[in-house]
4 protein chains.
Amino acid sequence: MHTNSDIPTGQFVAERLIRFSHCDPAGIVFFPRYFELLNGVVEDWWAHIGKPWTETVSERRMGTPTAQIDTTFVAPSHFGETVRFELSVSHVGNSSLHLTHRIVGPDGGERVRFEQRMVATSLDTHRPMPWPEDIRQAIHGFKEKS
Amino acid sequence: MHTNSDIPTGQFVAERLIRFSHCDPAGIVFFPRYFELLNGVVEDWWAHIGKPWTETVSERRMGTPTAQIDTTFVAPSHFGETVRFELSVSHVGNSSLHLTHRIVGPDGGERVRFEQRMVATSLDTHRPMPWPEDIRQAIHGFKEKS
Amino acid sequence: MHTNSDIPTGQFVAERLIRFSHCDPAGIVFFPRYFELLNGVVEDWWAHIGKPWTETVSERRMGTPTAQIDTTFVAPSHFGETVRFELSVSHVGNSSLHLTHRIVGPDGGERVRFEQRMVATSLDTHRPMPWPEDIRQAIHGFKEKS
Amino acid sequence: MHTNSDIPTGQFVAERLIRFSHCDPAGIVFFPRYFELLNGVVEDWWAHIGKPWTETVSERRMGTPTAQIDTTFVAPSHFGETVRFELSVSHVGNSSLHLTHRIVGPDGGERVRFEQRMVATSLDTHRPMPWPEDIRQAIHGFKEKS
């Protein structure tokens, strides 16, 4: 469901159909559903850079919880539309990762903007930890060359 | 499920049980679920000030969509905990409403903070509209006396 | 949110408000949401009989997954209604538990019926296990005397 | 995300990734999530036969609510698996439609079975209505030739 042809360097793009299940009595996306959709896009991005959560979370016991997410809802999305999520890496810290997201409608209009900060965390101690070197490299590899 | 005894002026408090359905494979609240819980608290607050969505949305055709929500996740919440949502009104504009929320754990520790901006909108034109006078008064009544 | 006064022997009753988040573009409950609501009622029932999932699942490592659920949707539920869930135990097997549920609207009309079969399962072996004696007694105690 | 090559006559197949958001503290799919996934597959099937809900629900004011769904959970699905939904039409009545579904794991093992009965309903009168002839033909066309 995601494609990466014809997109700018350092951007991950995923398309999502706005389903009946995402919509509220006004026929538009109920805003909490956007966060579930966004989380799925982030999940796909980690797989795209070769570090799927099935490996990092389940095997390496490293979580990447969201510590901050600032969200601007610009315009509503409607049932039946296919929208485009655009993800880019804005900053990589010692144990943090800043992602910038946009959702764009089929008309090219901006729907939602997110600024998300995730933190590498040990699932055993529940404390922040530095990004393991292979993961840091995978993130930088995406940022620079994808 | 909400109580308003022994709480500061201008604050609405609602308790919520962290259910199995809210939790992820790490046994803590999956962050998108917080927004659904928050929306339910806001829904209860509108009813508390005498302007339930069943009246404003369904009968008066006025929506109150969220235009901006900035969220800080301070500490995780666990399955089986009863957490406390605290809502206060930080600003009322011509057609906007700024709410400040906190979620506090049973240990008194802060879990999540939200800064939310809602906008009064006509469900017919989908454009912002000024708060109707009775609703403005209900909001101010809460802000000052509750 | 649940009350147990004035209800028949062997019945657990829980009220739920139909929230904005439960409703679809037709303004009625989106049917998958009923299963999440039902699961919360079952969660409350286990706590009511003194065997909360926080104890059985988290500490004793016993799950109670649903093996079968047959559901009849009789009439829709609407945004803003308070509906009543009625749970009763229809059969207790060696490692199974049959629950019968009804959801009733504020008008007394039946909305949904469920026949649910749960199975006691070890979370370590993922195999069925007999009900521990204290849990069996708690279920029978509810069935006969509550 | 769905493919229809190499599948039996009269069967619609859709693959779905089991995401983090679908899983519970035991790391397996939380059963209510299956119904949301199933509803999305049914939504895709209606589009596949040329009668998308965006047309039938939004324009023609015809709903297809589920009146009955009997569900057997055979084996759990785990985070990260890609499962296969198989849909077939078992019966078409005057205003009813019986669908049989299976979810199959990557190992070929059966995970869930559903028997679903949907009913054509006028969204204006909320009463059952006969299938419009073009929709009846689209369903039969799928049943016999797809």
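Go through the residues of region D:5-16 one by one and say whether even a single one is within 14 Å of chain A (Cβ to nearest Cβ) and under 23 Å from A:Phe35 (Cβ atoms). Yes, that holds for at least one residue. Considering A:Ile69, A:Ile139, the condition of being under 28 Å from B:Pro25 (Cβ atoms) and touching a residue at least 60 places away in the same chain (Cβ under 8 Å) is satisfied by A:Ile139 alone. Does region A:87-99 contain at least one residue that is modelled with pLDDT under 95 and surrounded by fewer than 18 Cβ atoms within 10 Å (Cβ to Cβ)? Scanning region A:87-99, I find no residue that is modelled with pLDDT under 95 and surrounded by fewer than 18 Cβ atoms within 10 Å (Cβ to Cβ), so the answer is no.
Go over the candidates C:Leu97, C:Leu87 one by one and state the one that is of a type outside the set (Asp, Glu), in contact with a Leu (Cβ under 7 Å, 6 or more places away or on another chain) and not in a helix (DSSP H, G or I). Within the list C:Leu97, C:Leu87, the selection yields C:Leu87.
Scanning region A:110-146 for residues that are within 14 Å of another protein chain (Cβ to nearest Cβ) and surrounded by fewer than 12 Cβ atoms within 10 Å (Cβ to Cβ) yields A:Asp124, A:Thr125, A:Arg127. Taking the listed residues D:Val74, D:Val119, D:Val104, the one that is out of contact with any Cys (no Cβ under 6 Å at 6 or more places or on another chain) and closer than 21 Å to D:Thr9 by Cα is D:Val104, with no other qualifying.
Can you pull out the residues in region B:32-45 that are more than 10 Å from chain C (Cβ to nearest Cβ) and in contact with a helix residue (DSSP H, G or I) (Cβ under 9 Å, 6 or more places away or on another chain)?
If the condition is that a residue be more than 10 Å from chain C (Cβ to nearest Cβ) and in contact with a helix residue (DSSP H, G or I) (Cβ under 9 Å, 6 or more places away or on another chain), then B:Pro32, B:Arg33, B:Tyr34, B:Leu38, B:Trp45 are the ones that fit.
None of D:Gly80, D:Gly63 is buried (at least 20 other Cβ atoms within 10 Å of the Cβ), in contact with a helix residue (DSSP H, G or I) (Cβ under 6 Å, 6 or more places away or on another chain) and within 7 Å of another protein chain (Cβ to nearest Cβ) except D:Gly80. The residue of region A:46-56 that is nearest to the other protein chains (Cβ to nearest Cβ), among those that are in a helix (DSSP H, G or I) and not small (Gly, Ala, Ser), is A:Thr54.
Test A:Leu37 against the stated conditions and say whether it is buried (at least 20 other Cβ atoms within 10 Å of the Cβ) and assigned to a helix (DSSP H, G or I). Yes. C:Arg60 falls short on exactly one of the conditions (1) in contact (Cβ under 8 Å) with a residue 24 or more places away in the chain; (2) assigned to a strand (DSSP E or B); (3) more than 13 Å from the chain's Cα centre (by Cα); (4) under 20 Å from C:Arg136 (Cβ atoms), and that condition is (2). Within region D:103-131, residues that are within 21 Å of C:Gln68 (Cα to Cα) reach partners that are among the polar types (S, T, N, Q) and open to solvent by 50 Å² or more (accessible area, probe 1.4 Å) with beta carbons closer than 9 Å, at six or more positions or on different chains, in the pairs D:Gly105/D:Thr82; D:Glu115/D:Ser90.
The values are calculated or read from the model by the stated rules, or taken from the named source; none is laboratory data. Not measured: the values here are computed from a predicted model. Cβ atoms come from the backbone with ideal geometry, glycine included; neighbour counts cover every protein chain shown. The accessibility values were calculated without ligands, DNA or RNA, using every heavy atom of the protein model including side chains. Shrake-Rupley method; radii C 1.70, N 1.55, O 1.52, S 1.80 Å.
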